[in-house]
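What follows is a single structure, written as structure tokens, with notes after it.
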Amino acid sequence: MEGATPTPAPSNTRIAVVTGGSKGIGLEACKQLAGGGAITVVLTARDEARGTAAVEQIKRLGHADVIFHQLDITDASSIARLADFIKTRFAKLDILFNGMDAGQRIDWMWTSCRQTYETAKQGLQTNYYGTKRVTEALLPLLRSSSDGRIVNVSSNFGLLSFFRNEELKQELNDVDNLTEEGLDELLAMFLKDFESGGAEARGWPAEFSAYKVAKAAMNAYSRILAKRHPELRVNCAHPGYVKTDITRNSGILTPEEGARNITSVALLPEGGPTGKYFSEGEEASFV
Ligand SMILES: NC(=O)c1ccc[n+]([C@@H]2O[C@H](COP(=O)([O-])OP(=O)(O)OC[C@H]3O[C@@H](n4cnc5c(N)ncnc54)[C@H](OP(=O)(O)O)[C@@H]3O)[C@@H](O)[C@H]2O)c1
């Protein structure tokens, strides 16, 4: 792991943290950001060996400005170590690319059709609450940037059209009144309904429920953050259907193409949109 020796980057160099950088869309995003020039990429991964190998792969392409730091987004001390490292080394963060996914592979989900209560709970804890904790820990550093950006890698599975309960849909779409506490209450209700077998009756999304609910919650949280921090650009982006491990390489787009749909949002011109959802690079509706 890289040490935290202060080596200030040139003032025009942007600092980007990518979660889920060991493979798939996150790895490709690291290549694109590091290859674009004037961006130092901090590639994070749970496993040091996999993360270091990913960094070496990017360096072999001639992009030297990439370093590894360990991050398991389910581990509070790991998140704190990353935040300390960025603070000590760079004193700011310009781009947070939340790209990890703790989902089961799609083929497994289809064959077993429904998640169990435990996998649903774990999925929400990691995909939504883990990403939220990383964001909160890095928020002060993003606010120290003159142009801080957060891009949450979302999915068309997080669209509110999957919710068959109009009231739930409206609550999640009512960004003027939605709060983090309200979101927590909705997620607790989802888990309770899931555990009691009443999720479908309430009108929560059917197949892949926890994945869809986690992505919808992340979209809602992004909109809350964008409203609270107008000085930042906080957006969500769907990469398309991409050939990676979670789709068992059954996607249509290559990881490079999928990543491009997200990095293009991360690199929008200064003063661009915030609190928006982008589908394959184009601004689209959260519904
Ligand atoms: N592929 C698609 O078609 C598609 C479509 C819509 C949205 N997405 C979204 O795109 C993003 C990237 O997915 P992908 O397709 O590139 O999947 P992937 O190839 O399976 O990559 C998932 C990444 O998440 C990391 N990860 C898992 N649990 C973690 C944890 N606890 N802490 C830190 N990192 C963790 C994995 O790292 P390890 O090496 O440590 O396992 C891996 O780097 C996800 O948010 C996914 O929901 C993908």
> Of everything in the stretch 78-103 that's aliphatic (A, V, I, L, M) and without any contact (Cβ under 8 Å) to a residue 60 or more places away in the chain, which residue is surrounded by the most Cβ atoms within 10 Å (Cβ to Cβ)?
Replying inline: ILE79
>> Restricting to the stretch 22-53, give me the number of residues that are within 18 Å of the chain's Cα centre (by Cα) and more than 6 Å from the ligand (Cβ to nearest atom).
In response: 12
>> Take the residues in the stretch 62-77 that are of a type outside the set (A, V, I, L, M, F, W, C) and crowded, with 17+ Cβ neighbours inside 10 Å; name whichever of them is nearest to the ligand (Cβ to nearest atom).
In response: ASP72
> Within the stretch 137-147, can one find any residue that is crowded, with 18+ Cβ neighbours inside 10 Å, in contact with an Asp or Glu (Cβ under 7 Å, 6 or more places away or on another chain) and under 25 Å from THR74 (Cα atoms)?
Replying inline: no
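Looking only at the stretch 200-253, which residues are charged (D, E, K, R) and crowded, with 23+ Cβ neighbours inside 10 Å?
Hits for the stretch 200-253 are LYS215, ARG223, ARG233.
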> Out of all the residues in the stretch 190-203, is one or more closer than 15 Å to GLY158 by Cβ and at pLDDT 95 or above?
Replying inline: yes
> Mind checking whether some residue in the stretch 230-239 is acidic (Asp, Glu), modelled with pLDDT under 95, outside any helix (DSSP H, G or I) and more than 9 Å from the ligand (Cβ to nearest atom)?
Replying inline: no
>> Looking only at the stretch 181-199, count every residue that is crowded, with 17+ Cβ neighbours inside 10 Å and free of Cβ contacts under 8 Å to residues at least 12 places away in the same chain and tell me the total.
In response: 2
>> Would you confirm, using the coordinates I've provided, whether LYS215 is modelled with pLDDT of 95 or more and closer than 16 Å to PHE286 by Cα?
In response: yes
> In the stretch 246-258, what count of residues is obtained for those that are in a helix (DSSP H, G or I) and near the ligand (Cβ under 8 Å from one of its atoms)?
Replying inline: 4
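The values are calculated or read from the model by the stated rules, or taken from the named source; none is laboratory data. Only a predicted model underlies this, so the values are computations on that prediction, with no experimental measurement involved. No Cβ is skipped: glycine too gets one built from the backbone with ideal geometry, and neighbour counts run over all protein chains shown.
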